[in-house]
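Presented below is the structure to which this report refers.
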Amino acid sequence: MRPAEAEPSLTFSVWATDNPQPSGSIPAHVAAKAMREFEPDAEERYHRRIMDAYFAENLTISDPDVLVALAGEIGLDPDAFLAHLVERQVPLAQASIDEHNEAIENGITAAPTVVLDGVLPVPGAQDFIAYERWIDRLLDRRRS
């Protein structure tokens, strides 16, 4: 709830539906990558729709039917997106797994993690003030 309190424009609901919680994030990552290929101009809308579906509506974003329906909700042909998703699912899943493994190898264990100045990982959702403090520390070190 902390991020929702810090940013009033966000809608966040503690899981309170009969929908099963997602079994993992790989299906949503794969769908997002598929959308980038399928309709690049819709990528940001789709990403926001997935985030709202999960955080505000408690939808099961590991369910392919939900992910395809979300593509339809942003005005795309769900059947065409499903065909693309099925065709590209194996290499896109491998790309997602490879990115995850690379993050772990680089010491990143939280989502989100923002790396400031290429050297300072800031893990987890942070408020604006926390980023200001980290950036001030980096600037102080450069001045020293």
One residue is enough: does region 46-54 have a residue meeting the conditions surrounded by 18 or more Cβ atoms within 10 Å (Cβ to Cβ), at pLDDT below 95 and not aliphatic (A, V, I, L, M)?
yes
Return the residue satisfying two criteria in turn: it lies in region 15-42 and is of a type in the set (A, V, I, L, M, F, W, C) and outside any helix (DSSP H, G or I), and of such residues it is nearest to Y54 (Cα to Cα).
W15
Could you please let me know if Y54 is under 25 Å from D127 (Cβ atoms) and without any contact (Cβ under 8 Å) to a residue 40 or more places away in the chain?
yes
If I filter region 128-136 for residues that are in contact with a strand residue (DSSP E or B) (Cβ under 6 Å, 6 or more places away or on another chain), modelled with pLDDT under 95 and surrounded by 13 or more Cβ atoms within 10 Å (Cβ to Cβ), do I get at least one hit?
yes
All helices (runs of 4 or more DSSP H) inside region 49-144 with 1 or more residues being over 15 Å from the mean Cα position of the chain (by Cα), in the same structural domain as F12 (by TED's automatic domain parsing) and within 18 Å of E39 (Cα to Cα):
64-73, 78-105
With the first residue restricted to region 83-109 and required to be of a type in the set (D, E, K, R), and the second required to be surrounded by 15 or more Cβ atoms within 10 Å (Cβ to Cβ), Cβ contacts under 7 Å at 6 or more apart or on different chains are R88/A34
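Could you tell me how many of the residues in region 1-40 are under 20 Å from F81 (Cβ atoms), more than 17 Å from the chain's Cα centre (by Cα) and either modelled with pLDDT under 80 or not hydrophobic (A, V, I, L, M, F, W, C) (or both)? Walk me through it before giving the result.
Residues of region 1-40 that are under 20 Å from F81 (Cβ atoms), as a first pass: 22, 25-40.
From the residues that got through so far, the ones that are more than 17 Å from the chain's Cα centre (by Cα) too are 38-39.
Still in the list and also either modelled with pLDDT under 80 or not hydrophobic (A, V, I, L, M, F, W, C) (or both): 39.
So the answer is 1.
The values are calculated or read from the model by the stated rules, or taken from the named source; none is laboratory data. Quick caveat, the model's predicted, so the values are computed rather than measured. Quick reminder, even Gly has a Cβ in these numbers, built from the backbone with ideal geometry, and neighbours come from all protein chains shown.
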